[in-house]
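This report refers to the structure that appears directly beneath it.
The values are calculated or read from the model by the stated rules, or taken from the named source; none is laboratory data. The model shown is predicted, which means the values in this text are computed figures rather than measured ones. Cβ coordinates were reconstructed from backbone atoms using ideal geometry, including for glycine residues, and neighbour counts include every protein chain displayed. The protein model used for the area step is the full one, side chains on, heavy atoms only, and it has no ligands, DNA or RNA in it. Shrake-Rupley method; radii C 1.70, N 1.55, O 1.52, S 1.80 Å.
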Amino acid sequence: QVRLEESGGGLVQAGGSLRLSCAASGTIFSINVMGWYRQAPGKQRVLVATITSGGSTNYLDSVKGRFTISRDNAKNTVYLQMNSLKPEDTGVYYCNLKYGLGNVWGQGTLVTVSS
């Protein structure tokens, strides 16, 4: 069974930075996509950034130039470096892993950006 464990959320002032980490454990296919999604209060969950096992990335338009997704395949870990944070970045950030027919979610980590 694949599990995802997230860390790195917290409270930060606008303009600050945070780094989220997500470590996957279990049997994981080498070809996969890992990513981060955000759910703001009262809103639907949206894709923030994804990265394939080959290193191709995709970003939500509003975070381009501020957030960077990266991964360490040897550690089955994905990171999200968030800079120049804005209050609208506030939400629960969920790690996601897609492989074959598998689609696994982490428990989520709360990011709060104060103005």
Next item on the list: Decide, for the chain, between rounded, prolate and oblate: order the square roots of the alpha carbon gyration tensor eigenvalues as a ≥ b ≥ c, take rounded if a/c falls under 1.5, and otherwise choose prolate if a/b is larger than b/c, else oblate.
Entry: prolate
Checklist line | From phi via Karplus (6.51, -1.76, 1.60), per-residue ³J(HN,Hα) for segment 38-51 in Hz, x at Gly/Pro | finding: 10, 10, 7, x, x, 10, 7, 6, 10, 6, 9, 6, 9, 8
Checklist line | Check: the chain dipole with +1 on Lys, Arg Cβ and -1 on Asp, Glu Cβ, in debye | finding: 80 debye
Note to self: For segment 42-115, which trypsin sites (Lys or Arg not before Pro) pass both filters: DSSP loop (anything but H, G, I, E, B) and at most 16 other C-beta atoms within 10 Å?
What the structure shows: 43, 64, 66
Check: Using a 1.4 Å probe, how large is the accessible area of residue 110, given in Å² and rounded to the nearest 10?
Finding: 100 Å²
Margin query: Below 24 Å, Cα to Cα, which lysines can residue 98 reach? Residues fewer than 8 away in the same chain don't count.
Written below: 43, 64, 75
